[in-house]
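Everything on this sheet refers to the single structure shown next.
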Amino acid sequence: MYNTIAIVTPFKKNGKINWLNLNFLINFYIFNKIKNFLFLGTTGESHNFKTKDYINILLYIKKYNIKFFFNINKINIKKIFYLFFLLKINNNIKVLINIPNYILINNLNLFKYFKIINKFGLKNILYNIPKRNNIILNYNIINKLLKKNFLIYMKNSINNIKNTLIYKNKNIILFSGEDKNLLFCLKNNYYGTISVFNNIIPRNFFFINKKLNFLINKLNFHINPILIKFFLYKVFLIKGIFNSLLFGVEKFYFTQSQT
């Protein structure tokens, strides 16, 4: 299963990116066999990042031998297009994108939106998460987007049998949308997972997730990114199955909406 970490971005107390800790985190995950990275893809990050932050992180991570892509979650259409262009010229081949909340949700508007962003030549991973953006996509629009090759991938948080069978029949590549549903996604042959939970147990992610899955669902517990970040804030990082503590180079913070 294709395993991608939604890496947490460390900050200094003054609100600037903590490059020393980011270097520590990236190398730690590389050591733990993580090869695929999603940047700015955890709660409260992408919409708080300025364009210069995208540029700085892009330039910074080029020195690592990793596969990476970015999340774009903006409320300004010009900024979205500019960031697509920026990622394109820096050899970023995939983008995780939500449906912007300013778009009137009907088939025509969504089709026009994806038609435009498709012109940038990037592979779009649609984050289908109705409980956060209150948008339930019509299957007709998904069909139209697939026929035009405007959409290839989907990070799907509606993990039920009916929904999964419909999308699998449409030949869309599905990623797990929530960590607590990983076992369901494994059984239903999802292509992979994009996970914030990886931040604390990268090497043993699948093992731990399957073992805890029953308890998580029984308690109706949601593995919220805020909880993961708070945990990292307190102990910085835990390697493997809690076999040794690796404290960060220096204390780090998160963006304002994450604290």
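The values are calculated or read from the model by the stated rules, or taken from the named source; none is laboratory data. Nothing here was measured: the structure is a model prediction, and the numbers come from that model. For neighbour counting, all protein chains shown are included, and Cβ atoms are generated from backbone atoms with ideal geometry for every residue, glycine included.
A single member of Leu108, Leu59, Leu83 is part of a helix (DSSP H, G or I) and over 26 Å from Lys131 (Cα atoms), and it is Leu59. In segment 187-208, is there at least one residue being out of contact with any strand residue (DSSP E or B) (no Cβ under 6 Å at 6 or more places or on another chain), modelled with pLDDT of 85 or more and farther than 30 Å from Lys229 by Cβ? No, there is no match, as no residue in segment 187-208 is out of contact with any strand residue (DSSP E or B) (no Cβ under 6 Å at 6 or more places or on another chain), modelled with pLDDT of 85 or more and farther than 30 Å from Lys229 by Cβ. Here is a check on your reading of the model: is Ile5 within 15 Å of Tyr64 (Cβ to Cβ), surrounded by 23 or more Cβ atoms within 10 Å (Cβ to Cβ), at pLDDT 85 or above and of a type outside the set (Lys, Arg)? Criteria met by Ile5. Taking segment 91-102 as the search range and keeping residues that are assigned to a loop (DSSP other than H, G, I, E, B) and in contact with a Phe, Trp or Tyr (Cβ under 9 Å, 6 or more places away or on another chain), which one is farthest from Asn128 (Cα to Cα)? Here the answer is Asn92. Within segment 118-145, the set of residues being part of a loop (DSSP other than H, G, I, E, B) and either modelled with pLDDT of 85 or more or more than 16 Å from the chain's Cα centre (by Cα) (or both) comprises Lys119, Phe120, Gly121, Leu122, Asn134, Ile135, Ile136, Leu137, Asn138. Hey, could you check segment 1-21 for residues that are out of contact with any helix residue (DSSP H, G or I) (no Cβ under 7 Å at 6 or more places or on another chain) and assigned to a helix (DSSP H, G or I) and say which is nearest to Asn189 (Cα to Cα)? Out of the qualifying residues, it is Asn21. When Lys79, Lys52 are screened for being more than 18 Å from the chain's Cα centre (by Cα) and surrounded by 14 or more Cβ atoms within 10 Å (Cβ to Cβ), only Lys79 passes. Within segment 8-30, the residues that satisfy the criterion of being over 14 Å from Glu45 (Cα atoms), free of Cβ contacts under 8 Å to residues at least 40 places away in the same chain and out of contact with any Pro (no Cβ under 9 Å at 6 or more places or on another chain) are Asn14, Asn23, Asn27, Ile30. Scanning segment 148-203 for residues that are touching an Asp or Glu at 6+ places or on another chain (Cβ under 6 Å) and not in a helix (DSSP H, G or I) gives Ser157, Ser195.
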